[in-house]
1. Counting pairwise Cα distances across the chain, what percent come out greater than 20 angstrom?
2. Give the angle, between 0 and 90 degrees and rounded to the nearest 10, that separates the Cα long axis of helix 64-73 from the longest principal axis of the Cα atoms of the chain.
3. Could you give me the ³J(HN,Hα) list for the stretch 86-102, computed from phi with Karplus coefficients 6.51, -1.76, 1.60 and θ = phi - 60°, whole Hz, x at Gly and Pro?
4. Express the carbon and sulfur contribution to the solvent-accessible surface of the chain as a percent, rounded to the nearest whole number, probe 1.4 angstrom.
5. Could you tell me what % of all Cα pairs in the stretch 28-79 have separations over 15 Å?
Amino acid sequence: IVPIVMLGNLSLVSVWSLFVGRSEYSLKKIWCILAMCIGAGVKFAVLYAGVVKLAIPYILTLSDKQAAALTLVFSFPQLITAVIGGCLAMAVLPALKKALRSS
């Protein structure tokens, strides 16, 4: 499951990089919000497809109870935690940008 989680995180960072990147003009709030929402959705889709639709039925040998628990963990809560993490990152970004600029 770890490689699938890594792929999910990579997808989130890739979407952020495509929308926001490193340019000054792209740090406008609308681009950050759009990048966060789409990135969270893509991460959710990658994790759901990778874990729930691929790993659980074809790779892992789990009981029905274990499979149900893992399905629950790698479904909707992943979308929620990705959005929460994105909101926290956007809250910290201005201070981080200021600190990096002053050093």
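1. That fraction is 46 percent.
2. Between helix and principal axis, roughly 10 degrees.
3. Each residue's phi maps through the Karplus curve to give x, 5, 5, 5, 5, 6, 8, 3, x, 5, 5, 4, 5, 5, 5, 5, 7 Hz.
4. Carbon and sulfur: 73 percent of the exposed surface of the chain.
5. The proportion of pairs with Cα distances above 15 Å equals 51 percent.
The values are calculated or read from the model by the stated rules, or taken from the named source; none is laboratory data. Worth saying up front: this structure is predicted, and the values here are computed from it rather than measured. Ligands, DNA and RNA are stripped out before the accessible areas are found, and what is left, the full protein with its side chains, is counted by its heavy atoms. Shrake-Rupley method; radii C 1.70, N 1.55, O 1.52, S 1.80 Å.
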